[in-house]
């Protein structure tokens with residue numbers, strides 16, 4: 001039920017080549033945007049881990065990212081730390097908060113879990129990141145301005161160079177998550193998603209695994225936040241608000257919340273979508289509306305998301321050509337796609 | 001020696017007794033049966049033994065351990081495995097993956113080993129797959145190894161659930177209505193399989209069913225539940241002739 005390994009490897013290779021070459025030809029402004037796309041893609045990965053693999057919903061991924069970003073800001077700009085030391089602190093802090101959010105989430109699913117995560121997001125928006133609550137963390141009325149780091153003596157200040165760095169980080173995260181998914185953790189998390197009862201009676205500590213998933217997802221979002229802080233060289237609460245988290249979830253859902261490929265495309269879509277719209281007679285303001293319309297259409301026609309749907313169609317077309325009658329019917333559940 | 005001892009267990013749901021003062025024991029190595037009409041409390045008993053919830057009164061002992069308050073996954077790791085009346089396979093995973101989950105659960109490795117593809121991860125992955133495939137082979141399921149579990153017929157799914165439970169390497173296997181939804185021939189197959197499984201894996205089984213055919217065929221000792229109480233116990237021949245059983249149970253089937 002998997003796309004054959006070789007075409008998939010070719011596709012992934014081609015995708016990486018495109019992602020390396022195209023931005024090199026773009027203007028410095030669009031190269032900056034490309035770095036943002038890679039970072040956003042990492043945020044989509046964090047959604048894939050939590051929603052796609054374990055079936056939990058989170059409307060506060062940008063709050064986890066904010067922890068990474070503000071930790072980076074406070075330590076690099078405020079305390080003069082090296083970015084390379086601040087980054088792991090930001091990731092661990094975000095993961096820890098993720099686990100904390102996961103504790104009440106253990107007893108909740110669906111609507112109630114959504115409400116909980118909305119509450120967390122608003123708590124961050126309105127309280128934690130408000131200028132006068134924790135100035136040592138939020139930077140107060142002066143925002144943090146962490147500088148881009150240097151890597152092995154090379155300053156990552158050039159637009160394309162910094163893009164390469166973020167893209168490499170994205171690939172690294174995807175590789176680690178992909179390995180997790182194809183091993184024990186992936187099976188265990190999907191087992192918990194399909195039947196918590198059976199998972200527990202097969203000897204799995206469902207509680208611990210759900211918390212681990214929240215921690216992992218929040219940690220990835222936190223890493224994205226650390227990168228976002230230095231990509232923008234400024235950290236402001238407005239970039240991490242609740243509405244961003246909603247859009248992120250919508251984009252992950254549209255492309256396919258269970259598949260990692262969705263992340264790469266989702267990230268590019270999130271960043272370049274509004275920009276491309278701005279070049280048409282419409283304006284970037286239409287992006288949310290169009291995203292919403294696409295989401296509704298996709299939920300009606302292909303609930304698993306665009307990428308699983310396309311992969312499924314291709315697979316069927318291939319099998320039909322080979323005259324293979326042993327294919328399962330189109331409505332059979334899809335196991336995994338990419 | 002008794003492997004499972006249920007001692008004066010009661011469980012109420014909103015004031016109604018699902019189980020009332022139920023006592024029985026399952027001896028090491030035997031296939032015991034728990035029968036009774038629908039609503040007699042059989043599945044409630046299973047949920048109590050496997051740790052889905054605890055009884056209001058009474059104790060459940062497994063060997064020398066009091067199971068009270070112990071969570072399901074701890075009980076599973078001590079060797080108590082179960083299947084479900086309403087199938088609980090991991091529906092969107094393949095059959096092979098379903099069977100690998102209990103092997104995964106027994107492994108100590110954390111996420112890091114998998115994320116970095118450490119040798120231990122590869123080794124254990126390989127071992128889990130081999131163990132799962134061997135079990136599929138033993139139960140004649142090799143053909144469906146790569147099928148999506150949720151898309152299979154009920155008969156096959158029941159067999160997969162049995163295989164998955166066995167991958168836990170249990171000492172005590174609880175089977176909740178394993179013949180439900182099976183036809184006469186499939187039920188006969190299942191009876192033969194269960195005896196074969198018990199002999200091969202040297203385990204103890206407790207079987208719940210309201211279908212007498214399977215229980216009479218496989219069980220060595222039978223407890224009859226009715227309205228939350230044990231009303232009779234003994235070997236199959238004796239149960240078949242027990243007047244209170246006939247009244248409570250067989251009478252219902254005859255009517």
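Is region B:129-137 home to any residue that is within 11 Å of chain A (Cβ to nearest Cβ), crowded, with 21+ Cβ neighbours inside 10 Å, over 25 Å from residue B:33 (Cβ atoms) and in contact with a helix residue (DSSP H, G or I) (Cβ under 7 Å, 6 or more places away or on another chain)? Yes. Restricting attention to region B:94-117, the residues that are more than 9 Å from chain A (Cβ to nearest Cβ), without any contact (Cβ under 8 Å) to a residue 40 or more places away in the chain and surrounded by 14 or more Cβ atoms within 10 Å (Cβ to Cβ) total 0. Listed here are the helices (runs of 4 or more DSSP H) enclosed by region A:198-292 that have at least 1 residues being over 30 Å from residue B:167 (Cβ atoms), within 14 Å of chain B (Cβ to nearest Cβ) and under 13 Å from the mean Cα position of the chain (by Cα): A:206-232.
When you scan region B:83-115, how many residues do you find that are part of a loop (DSSP other than H, G, I, E, B), out of contact with any strand residue (DSSP E or B) (no Cβ under 7 Å at 6 or more places or on another chain) and at pLDDT below 90?
So the first thing to find is which residues in region B:83-115 are part of a loop (DSSP other than H, G, I, E, B), and the list is B:83-93, B:107-110.
Next, only the ones that are out of contact with any strand residue (DSSP E or B) (no Cβ under 7 Å at 6 or more places or on another chain) stay: B:86-91, B:93, B:107-110.
If we keep only those that are at pLDDT below 90 as well, we get B:86, B:107-110.
Qualifying residue count, region B:83-115: 5.
Out of (1) touching a strand residue (DSSP E or B) at 6+ places or on another chain (Cβ under 6 Å); (2) modelled with pLDDT under 90; (3) not in a helix (DSSP H, G or I), the odd one out for residue B:173 is which? So the condition that residue B:173 fails would be (2).
Looking at region A:120-129, is at least one residue in contact with a strand residue (DSSP E or B) (Cβ under 9 Å, 6 or more places away or on another chain), surrounded by fewer than 21 Cβ atoms within 10 Å (Cβ to Cβ) and at pLDDT 80 or above? Even if it seems obvious, please write down each step before you answer.
Pass one, region A:120-129, residues in contact with a strand residue (DSSP E or B) (Cβ under 9 Å, 6 or more places away or on another chain): none.
No, region A:120-129 contains no residue that is in contact with a strand residue (DSSP E or B) (Cβ under 9 Å, 6 or more places away or on another chain), surrounded by fewer than 21 Cβ atoms within 10 Å (Cβ to Cβ) and at pLDDT 80 or above.
Here is a list: B:29, B:33, B:58. Which entry is modelled with pLDDT of 90 or more and assigned to a loop (DSSP other than H, G, I, E, B)?
Values: B:33 fails: assigned to a loop (DSSP other than H, G, I, E, B); B:58 fails: assigned to a loop (DSSP other than H, G, I, E, B).
None of the others qualify; the one that does is B:29.
Annotation note: of A:195, A:182, A:217, the sole residue that is at pLDDT 80 or above and closer than 30 Å to residue A:129 by Cα is A:217.
Given the criteria in contact (Cβ under 8 Å) with a residue 24 or more places away in the chain, surrounded by 16 or more Cβ atoms within 10 Å (Cβ to Cβ) and under 13 Å from the mean Cα position of the chain (by Cα), does residue B:81 qualify?
Yes.
Scanning region B:138-155 for residues that are touching a helix residue (DSSP H, G or I) at 6+ places or on another chain (Cβ under 6 Å) and assigned to a helix (DSSP H, G or I) yields B:142, B:144, B:149, B:155.
Consider residue B:29 carefully, then state whether it is touching a residue at least 60 places away in the same chain (Cβ under 8 Å), surrounded by fewer than 17 Cβ atoms within 10 Å (Cβ to Cβ) and away from chain A (no Cβ under 14 Å). Walk me through how you get there before you give the answer.
Details: touching a residue at least 60 places away in the same chain (Cβ under 8 Å): yes; surrounded by fewer than 17 Cβ atoms within 10 Å (Cβ to Cβ): yes; away from chain A (no Cβ under 14 Å): yes.
So residue B:29 passes the test.
Using the structure shown, decide if residue B:185 is closer than 24 Å to residue B:88 by Cβ, at pLDDT 85 or above and surrounded by fewer than 17 Cβ atoms within 10 Å (Cβ to Cβ). No; evaluated as a whole, the condition is false for this residue. The set of residues in region B:179-204 being touching a strand residue (DSSP E or B) at 6+ places or on another chain (Cβ under 7 Å) and part of a loop (DSSP other than H, G, I, E, B) consists of B:179, B:203. For residue A:156, the criteria (1) over 30 Å from residue A:207 (Cβ atoms); (2) surrounded by fewer than 16 Cβ atoms within 10 Å (Cβ to Cβ) hold in every case but one, which is (2). Of the residues making up region A:278-297, those that are surrounded by 13 or more Cβ atoms within 10 Å (Cβ to Cβ) and farther than 18 Å from residue A:248 by Cβ are A:278, A:282, A:286.
The values are calculated or read from the model by the stated rules, or taken from the named source; none is laboratory data. Treat the numbers as computed from the prediction; the structure is a model and nothing was measured. Glycine also receives a Cβ, built like all others from the backbone with ideal geometry; neighbour counts cover every protein chain displayed.
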